[in-house]
Amino acid sequence: MDNFPVTISVDKEVQRFEVGEYLHHNGETRKFKVFKDGVWVASFEPDPHEYLRVCNNPGDLKDQVLHLLADEIENHHPHQMNA
C-alpha cells in the first residue's frame, strides 16, 4: 500500500505525518503506522466496531494528537478498515 500524508493542527501548530497501511498479523484487517520526519511515532488498528484504536505510541504523542490522527486516517479510509 502507498503511504499518504496527514496534516493536523493542534493549538494553532500544524503537524505533518505520513501514514502507512499494512496488513495486520491476522491477515484480515489493516494496521496503520504513523511516521513523523521518517520516525515511527504511533500505530493504530481497528477495534471490533471498526473504529481505530492506538496499539503503539513510541513517539509519546499526546492524546489529542492521537485522536486527530485517528480521525484523519478514518476519513481517508472510511469503508476500508477491514477491507
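The values are calculated or read from the model by the stated rules, or taken from the named source; none is laboratory data. Note that the structure is predicted; figures quoted are calculated from it, not measured. Cβ atoms come from the backbone with ideal geometry, glycine included; neighbour counts cover every protein chain shown. We work out accessible area using only protein heavy atoms, side chains counted, and drop any ligands, DNA or RNA first. Shrake-Rupley method; radii C 1.70, N 1.55, O 1.52, S 1.80 Å.
General observations
- Quarter the surface of the alpha carbon convex hull of the chain and you get the mean projected area, 5.3 square nanometres.
- For the chain, the solvent-accessible area with a 1.4 angstrom probe is 65 square angstrom per residue.
- Against the chain, whose longest principal axis comes from its Cα atoms, helix 63-76 is set at around 50 degrees.
- Over the chain, Cα pairs under 8 Å with separation of 6+ residues give a relative contact order of 23 percent.
- Packing-based ranking of 65-75, 12-22, 38-48 yields 65-75, 38-48, 12-22, ordered from highest to lowest mean Cβ neighbour count within 10 Å.
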